[in-house]
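Participant: One structure is given below, represented as structure tokens, and several questions about it will come after.
The values are calculated or read from the model by the stated rules, or taken from the named source; none is laboratory data. Everything numeric here is computed off the predicted structure, so don't read it as measured data. Positions of Cβ are backbone-derived with ideal geometry, glycine not excepted, and every protein chain shown enters the neighbour counts.
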Amino acid sequence: MRPTSYPFIGDIYEVVPLPFTQSIPTPSSATAVPNSLRMLRRAPGFGPTFPTPIHSFTIPGCTRAEAKDFITAMQATVMWSRQQSPKKKIVNPIRTGKRGRPADHFFWIDLICPRSGIHKAVPNSRKQHTLSRKCGCKSKFSIFHHIKTNTLRVEWSWIHNHNPFSEDEMKINHLPKMVEDWLTERVVAGLSWNAIYELSLCQDLFAMVEPGVVPEASYIKYDHVRYLIRTRMAVVAKRDADPFVSITLWASNLQQQGWSTLLASSRDSPDFIFAFQSPWQQQQLLNHGQGMYMIDSTHNTVDNASLSDGRKFCLYTIVIRDPVVGKGLPVCWAFTASAAAEPVEQLLRWLRQTTGIVPCAIMSDCALAIKNGATAAYADLGAQAPKIYWCVFHVLKAFKSKAISYLQDNSEDVITKFCNVLYEQRVCPEILLARLYVKWSRINPAFVRYVQIQWHTNVTHWAMYFRSGTHTNNYVEAWHRKLKGQFSDSRERRRIDELVQVLTDQVHTSFVMTQIQVAQGIKRQTTNKFQSLAKASIDGYSPVVMSLLGIHVIRHANYVGGLTAYDEFLAPQQERRRRWKSEENVRAATSLSSLATAPINPPGSPIDHSK
């Protein structure tokens with residue numbers, strides 16, 4: 001039955017419970033971040049009581065905005081849920097020529113208890129925790145504008161079948177609106193969970209903790225902040241409910257912005273590949289990418305639920321060294337649904353067609369898929385094809401694990417011998433491997449066969465004898481750490497289109513800004529230990545000494561600082577060392593003719609020793 005009287009309440013807090021949460025000002029003697037979370041919650045609270053089950057009254061104001069202010073005050077203690085009643089629609093008070101009872105209100109807003117309703121369990125649900133907050137509570141309130149009196153009236157069914165003001169319920173209820181607004185502002189500002197967590201730690205507030213007083217920071221959880229961040233990103237990233245349709249829309253949008261894209265098959269298939277490169281990345285590749293590509297993939301960075309048959313998305317990144325900044329620079333990204341060689345071949349062929357760049361070398365880990373894909377992509381170039389190098393760190397890591405598996409306690413000696421083969425630059429590594437076979441074939445023939453098949457046939461890819469310059473894939477590993485630590489939380493897996501949005505907006509802009517800062521002198525250039533020692537060595541040569549040694553300094557048009565004369569200084573030495581290696585190998589091969597019984601030529605294609 002509808003109430004008949006609505007007494008006027010001048011101060012709404014005569015009936016509305018006082019907020020549990022209070023803002024605490026910063027003491028003059030304390031130092032605190034201006035936008036930190038300085039809020040305390042006092043619990044438990046006390047709910048109101050009224051003489052009738054439905055308490056009706058009139059509050060100051062007559063507009064919808066003032067009605068929303070009252071709702072906000074009510075939600076400071078209980079997060080009432082808004083419900084649009086089909087019986088109380090907004091109507092026009094002027095009903096000329098229409099029959100029926102005239103409307104008595106402009107608007108009517110219903111709000112119900114957040115624990116109203118009954119939980120309906122989903123059959124065959126995979127969730128382990130099915131406990132619901134719903135308990136069938138009938139408490140609710142309505143606020144509406146009364147036309148005749150031009151006032152705001154409230155009807156409040158205030159009796160709950162639970163105690164929403166108890167300390168136990170506060171732990172499971174939604175955060176207060178003022179705390180929710182603070183979190184939303186931090187998320188919109190682009191802060192990560194780590195930054196928000198630091199802002200919530202106010203030492204002086206935790207010193208005020210006593211029974212019934214708890215900092216609001218104690219109720220903020222990672223999952224809730226993660227939800228706010230992901231929902232904010234999903235508005236831009238998710239172009240369609242189907243991730244493959246969304247990727248198609250992303251490819252079209254990037255092409256309109258001038259990006260180069262490769263989308264072979266946007267569907268759940270092993271042939272799926274989506275590669276993209278910005279005009280700025282393409283220009284950086286043209287300027288600095290003729291030397292070496294560093295390529296590697298990372299797994300489990302995105303949600304794999306859209307793939308069938310247990311397949312996983314792989315994120316391939318091609319990195320070059322940026323001579324301006326002195327660090328690795330991603331110049332192309334590609335998502336694939338397969339870790340086979342075909343997507344790598346397709347990616348490198350596309351990159352070669354769009355840029356025309358053929359690098360001198362390609363560095364990767366020990367993945368045979370990358371090696372085979374790169375070899376096939378440049379097979380038509382013959383001897384002019386890029387050299388395939390394997391990262392020394394990954395080579396040693398793989399060899400050590402297998403050596404321990406085969407030899408257990410005897411693995412330390414063979415690991416040392418393999419390191420000597422790896423780092424030797426004067427004697428051909430095949431000769432050193434033959435010596436290793438003579439000893440270990442008697443101890444463990446299976447291990448020798450493994451070395452012959454896995455490492456001997458690929459000796460030109462990992463031995464220092466056949467290479468010079470960069471020996472590790474450290475620029476790619478550093479990029480992966482930056483991606484997972486700064487731009488994409490490793491504890492969550494976003495949809496593939498969400499990570500595309502992160503790469504194109506956040507990551508790309510970050511690298512562009514860093515290069516501008518270094519080029520303009522705002523930041524210093526980064527040099528590694530090898531570069532610092534080489535620069536110190538070359539700086540010790542005066543112009544007179546360099547002229548006597550026949551060293552000529554060449555400064556190119558795109559010179560940005562660093563080791564300008566380093567290559568010219570090393571060129572005569574490298575030529576002498578190459579001739580000396582050839583003579584030394586001839587002598588070493590002659591002295592080791594007695595090792596003819598050793599399996600020097602393992603199964604596989606013959607190895608070309610020419611450099």
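Participant: Of the conditions (1) under 30 Å from Leu503 (Cβ atoms); (2) in contact with a Phe, Trp or Tyr (Cβ under 8 Å, 6 or more places away or on another chain), Val331 satisfies every one except a single condition; which number is it?
Facilitator: Looking at each condition in turn, Val331 falls short on (2).
Participant: Here's another thing I want to ask about it. Which ones in the range 441-464 are touching a Phe, Trp or Tyr at 6+ places or on another chain (Cβ under 6 Å) and crowded, with 17+ Cβ neighbours inside 10 Å?
Facilitator: Of everything in the range 441-464, those that are touching a Phe, Trp or Tyr at 6+ places or on another chain (Cβ under 6 Å) and crowded, with 17+ Cβ neighbours inside 10 Å turn out to be Phe447, Val448, Thr460, His461, Trp462.
Participant: Look at Glu180 and say whether it is surrounded by 12 or more Cβ atoms within 10 Å (Cβ to Cβ), free of Cβ contacts under 8 Å to residues at least 40 places away in the same chain, under 22 Å from Ile112 (Cβ atoms) and under 29 Å from the mean Cα position of the chain (by Cα).
Facilitator: yes
Participant: Next question, about the same structure. Among the helices (runs of 4 or more DSSP H) lying completely within the range 159-205, list those that include at least 2 residues that are modelled with pLDDT under 85 and more than 15 Å from Ile220 (Cα to Cα).
Facilitator: Helices (runs of 4 or more DSSP H) meeting the threshold: 167-172.
The rows are residues; the columns are (1) closer than 15 Å to Asp322 by Cα; (2) surrounded by fewer than 18 Cβ atoms within 10 Å (Cβ to Cβ); (3) at pLDDT 90 or above; (4) touching a Lys or Arg at 6+ places or on another chain (Cβ under 6 Å).
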{"position": "Phe466", "(1), (2), (3), (4)": "no, no, yes, no"}
{"position": "Leu483", "(1), (2), (3), (4)": "no, no, yes, no"}
{"position": "Phe487", "(1), (2), (3), (4)": "no, yes, no, no"}
{"position": "Leu503", "(1), (2), (3), (4)": "no, no, yes, no"}
{"position": "Lys523", "(1), (2), (3), (4)": "yes, yes, no, no"}
{"position": "Ser537", "(1), (2), (3), (4)": "no, yes, no, no"}
{"position": "Ser542", "(1), (2), (3), (4)": "no, yes, no, no"}
{"position": "Ser547", "(1), (2), (3), (4)": "no, yes, no, no"}
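Participant: Also: Please state which one of Arg101, Arg115 is at pLDDT below 90, basic (Lys, Arg), part of a loop (DSSP other than H, G, I, E, B) and under 26 Å from Arg42 (Cβ atoms).
Facilitator: On the way: Arg101 fails: under 26 Å from Arg42 (Cβ atoms).
Only one candidate passes the filter, namely Arg115.
Participant: So which residues in the range 11-55 are touching a strand residue (DSSP E or B) at 6+ places or on another chain (Cβ under 9 Å) and aromatic (Phe, Trp, Tyr)?
Facilitator: The answer is Phe20, Phe50.
Participant: Of everything in the range 278-319, what is assigned to a strand (DSSP E or B) and within 15 Å of the chain's Cα centre (by Cα)? Give them in sequence order. Give the derivation first.
Facilitator: Going through the range 278-319, the residues assigned to a strand (DSSP E or B) turn out to be 292-299, 302, 314-319.
Listed by number, the residues that qualify are Ser297, Thr298, His299, Val302, Cys314, Leu315, Tyr316, Thr317.
Participant: Taking Phe70 and the conditions (1) modelled with pLDDT under 85; (2) surrounded by 11 or more Cβ atoms within 10 Å (Cβ to Cβ), which numbered condition does it fall short on, given that it satisfies the others?
Facilitator: Going through (1) modelled with pLDDT under 85; (2) surrounded by 11 or more Cβ atoms within 10 Å (Cβ to Cβ) one by one, Phe70 breaks only (1).
Participant: In the range 230-271, which residues are β-branched (Val, Ile, Thr) and in contact (Cβ under 8 Å) with a residue 40 or more places away in the chain?
Facilitator: Val236, Ile247
Participant: Also: Being of a type in the set (Lys, Arg), more than 17 Å from Val302 (Cα to Cα) and within 22 Å of the chain's Cα centre (by Cα) is the requirement here; does Arg226 meet it?
Facilitator: For Arg226, the condition - of a type in the set (Lys, Arg), more than 17 Å from Val302 (Cα to Cα) and within 22 Å of the chain's Cα centre (by Cα) - is not met.
Participant: Tell me, which residue of the range 37-65 that is charged (D, E, K, R) and part of a strand (DSSP E or B) is surrounded by the most Cβ atoms within 10 Å (Cβ to Cβ)?
Facilitator: Step one: filter the range 37-65 for residues charged (D, E, K, R), giving 38, 41-42, 64.
Narrowing further to those that are part of a strand (DSSP E or B): 41-42.
Values: Arg41: 22, Arg42: 14.
Taking the candidates together, the pick is Arg41.
Participant: I'd like to know if the range 17-35 contains one or more residues that are loosely packed, with under 12 Cβ neighbours inside 10 Å and modelled with pLDDT of 85 or more.
Facilitator: Among the residues of the range 17-35, not one is loosely packed, with under 12 Cβ neighbours inside 10 Å and modelled with pLDDT of 85 or more, which makes the answer no.
Participant: Suppose the filter is surrounded by 20 or more Cβ atoms within 10 Å (Cβ to Cβ), of a type in the set (Lys, Arg) and not assigned by TED's automatic domain parsing to the domain that holds Asn304; does Arg495 pass it? Steps first, please.
Facilitator: Details: surrounded by 20 or more Cβ atoms within 10 Å (Cβ to Cβ): yes; of a type in the set (Lys, Arg): yes; not assigned by TED's automatic domain parsing to the domain that holds Asn304: yes.
The answer is yes for Arg495.
Participant: Test Arg481 against the stated conditions and say whether it is without any contact (Cβ under 8 Å) to a residue 60 or more places away in the chain and either within 20 Å of Asn194 (Cβ to Cβ) or touching a strand residue (DSSP E or B) at 6+ places or on another chain (Cβ under 9 Å) (or both).
Facilitator: Working: without any contact (Cβ under 8 Å) to a residue 60 or more places away in the chain: yes; either within 20 Å of Asn194 (Cβ to Cβ) or touching a strand residue (DSSP E or B) at 6+ places or on another chain (Cβ under 9 Å) (or both): yes.
Spelling it out, Arg481 is indeed without any contact (Cβ under 8 Å) to a residue 60 or more places away in the chain and either within 20 Å of Asn194 (Cβ to Cβ) or touching a strand residue (DSSP E or B) at 6+ places or on another chain (Cβ under 9 Å) (or both).
Participant: Another one. Which ones in the range 297-327 are more than 20 Å from Val358 (Cβ to Cβ), in contact (Cβ under 8 Å) with a residue 60 or more places away in the chain and not hydroxyl-bearing (Ser, Thr, Tyr)?
Facilitator: Residues satisfying the conditions are Asn300, Val302, Asp303, Asn304, Phe313, Leu315, Val324, Val325, Gly326, Lys327.
Participant: Also, I was wondering about something else. Going by the conditions given, is Val325 assigned by TED's automatic domain parsing to the domain that holds Thr354, in a loop (DSSP other than H, G, I, E, B) and either of a type in the set (Lys, Arg) or within 24 Å of Val392 (Cβ to Cβ) (or both)?
Facilitator: Details: assigned by TED's automatic domain parsing to the domain that holds Thr354: yes; in a loop (DSSP other than H, G, I, E, B): yes; either of a type in the set (Lys, Arg) or within 24 Å of Val392 (Cβ to Cβ) (or both): yes.
It is true that Val325 is assigned by TED's automatic domain parsing to the domain that holds Thr354, in a loop (DSSP other than H, G, I, E, B) and either of a type in the set (Lys, Arg) or within 24 Å of Val392 (Cβ to Cβ) (or both).
Participant: Exactly one of (1) touching a residue at least 60 places away in the same chain (Cβ under 8 Å); (2) more than 29 Å from Gln346 (Cα to Cα); (3) surrounded by fewer than 16 Cβ atoms within 10 Å (Cβ to Cβ) is unmet by Leu433. Its number?
Facilitator: Going through the list (1) touching a residue at least 60 places away in the same chain (Cβ under 8 Å); (2) more than 29 Å from Gln346 (Cα to Cα); (3) surrounded by fewer than 16 Cβ atoms within 10 Å (Cβ to Cβ), Leu433 breaks only (3).
Participant: Within the range 323-334, can you find the residues that are over 10 Å from Tyr475 (Cα atoms), out of contact with any Ser or Thr (no Cβ under 7 Å at 6 or more places or on another chain) and surrounded by fewer than 24 Cβ atoms within 10 Å (Cβ to Cβ)?
Facilitator: Listed by number, the residues that qualify are Pro323, Val324.
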